[in-house]
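The values are calculated or read from the model by the stated rules, or taken from the named source; none is laboratory data. Please read these numbers as outputs of a predicted model, since none were measured by experiment. Cβ: placed from backbone, ideal geometry, glycine included. Neighbour counts: every protein chain shown.
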Amino acid sequence: MSRGPEGAGAVPDAVAPMLAVDGRPPTGDWAYEWKWDGYRCCLRVAADGGTRLTSRNGNDLTPSYPELARLAPGPLAGRSAVLDGEIVALGPGGGPDFGRLQRRHQRRRPDAGLLAEVPVVFFAFDLLVLGGQRLLAEPYRRRRAALTGLPADPTGRLVVPPAYRGPEADPAELLRVARQHGLEGLVAKRLDSPYQPGRRSPLWVKTPLVSTVEVVVGGWQAGGGRRTGTVGSLLVGAYDAAGRLAYVGHVGSGFSEAVLTDLTTRLTGLARAGSPFDGPVPGPRARLAHWVEPRLVGEVAFRAWTREGRLRQPSWRGLRPDRDPRAARLPTPPG
């Protein structure tokens, strides 16, 4: 362990986050952690309790999450620290709710009402500096032991989520549990891995869970740049229990050039004067939309449903000509 200079009021420098590669979870001498649906954050605490929050791209998040800048001194006992983790807003069921977190993130300085309505917690999954000692070169198993050895935070705002160690832990079963509880996936970390700031390393492997849904195309927006003259994004929906076509979002990724050409031809032949959706479409989308008859069914991969009933991070998978548009139904309830 290396030790750097420390003053009571000195907030330690931020550490660039170590990133994981995509893949299936490996087995053996690995630990498995849940992949949380929030904002990656470096939490830095001075010995006197002064706290700063730094985003993955280096932005200062401290004014947006003042409750995390007022952590009780208990867990750190007057020591400086740097923790890697995730800012998460929890939904009514106790799981992460990215839609609620987005509401918080839209306000640079939230008022007391919003703080009470949408509280956040910091899920700490790595300890990088403690009391002036840099732990980056230590293996994951030792950093994790130091992290779990910290006293519990009495405010409940700093949480150390569980980690499961192989070979006893079954990653397939953990993924099943993650899907069941609406978590984002799983991250596997080699037990002997050092912390490699700013590097996407095969010593960490992430396995996100992706859901699919069938949607009806109700409109499109023209593309720009290399997509000039073709589709830029699709406006999609699904039918609710009352048979109304609800707008669920726009899809702008997952298209090959051949698919874009084919969709442009198909959609041009389905043009109509007004929106086929029974509810409102957000203004910026509606103003630039080319509306179409709701006859084309497609499959979309997505990460989660938002609280507003929108698809988060949708990606086009392809047309489903074998599906009737009326069979594209909203889940009950969304999310």
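Just the residues that are of a type in the set (A, V, I, L, M) and within 22 Å of ALA31 (Cα to Cα), please, taken from segment 118-129.
Listed by number, the residues that qualify are ALA124, LEU127, LEU128, VAL129.
When both residues are 6+ apart or on different chains and their Cβ atoms are under 9 Å apart, which pairs have a first residue that lies in segment 38-50 and is on the phi > 0 side of the Ramachandran plot, and a second that is of a type in the set (Lys, Arg)?
Pairs that qualify, where the first residue is on the phi > 0 side of the Ramachandran plot and the partner is of a type in the set (Lys, Arg), are GLY49/ARG70.
So is VAL187 more than 30 Å from LEU136 (Cα to Cα), of a type in the set (Val, Ile, Thr), in a strand (DSSP E or B) and under 24 Å from the mean Cα position of the chain (by Cα) or not?
no
Of the conditions (1) touching a residue at least 40 places away in the same chain (Cβ under 8 Å); (2) over 17 Å from PHE123 (Cβ atoms); (3) in the same structural domain as GLY99 (by TED's automatic domain parsing); (4) not hydroxyl-bearing (Ser, Thr, Tyr), GLU168 satisfies every one except a single condition; which number is it?
Answer for GLU168: the failing condition is (1).
If you take the residues in segment 287-322 that are buried (at least 16 other Cβ atoms within 10 Å of the Cβ) and of a type in the set (Gly, Ala, Ser), which one is modelled with the lowest pLDDT?
ALA304
Across segment 73-112, which residue is surrounded by the fewest Cβ atoms within 10 Å (Cβ to Cβ) among those that are among the hydrophobic types (A, V, I, L, M, F, W, C) and modelled with pLDDT under 85?
ALA77
Looking at VAL248, VAL281, which is the one that is in a strand (DSSP E or B) and of a type outside the set (Lys, Arg)?
VAL248
Does at least one position in segment 113-126 carry a residue that is free of Cβ contacts under 8 Å to residues at least 12 places away in the same chain, surrounded by fewer than 20 Cβ atoms within 10 Å (Cβ to Cβ) and part of a loop (DSSP other than H, G, I, E, B)?
No, because not a single residue in segment 113-126 is free of Cβ contacts under 8 Å to residues at least 12 places away in the same chain, surrounded by fewer than 20 Cβ atoms within 10 Å (Cβ to Cβ) and part of a loop (DSSP other than H, G, I, E, B).
For segment 279-294, which residues satisfy the criterion of being without any contact (Cβ under 8 Å) to a residue 60 or more places away in the chain and either within 22 Å of ARG266 (Cβ to Cβ) or not basic (Lys, Arg) (or both)?
GLY279, PRO280, PRO282, GLY283, PRO284, ALA286, GLU293
What number goes with the only condition from (1) under 18 Å from the mean Cα position of the chain (by Cα); (2) buried (at least 18 other Cβ atoms within 10 Å of the Cβ) that VAL216 does not pass?
(1)
Among the residues of segment 145-166, are any closer than 20 Å to LEU53 by Cβ, modelled with pLDDT under 85 and within 17 Å of the chain's Cα centre (by Cα)?
Looking through segment 145-166, none of the residues is closer than 20 Å to LEU53 by Cβ, modelled with pLDDT under 85 and within 17 Å of the chain's Cα centre (by Cα).
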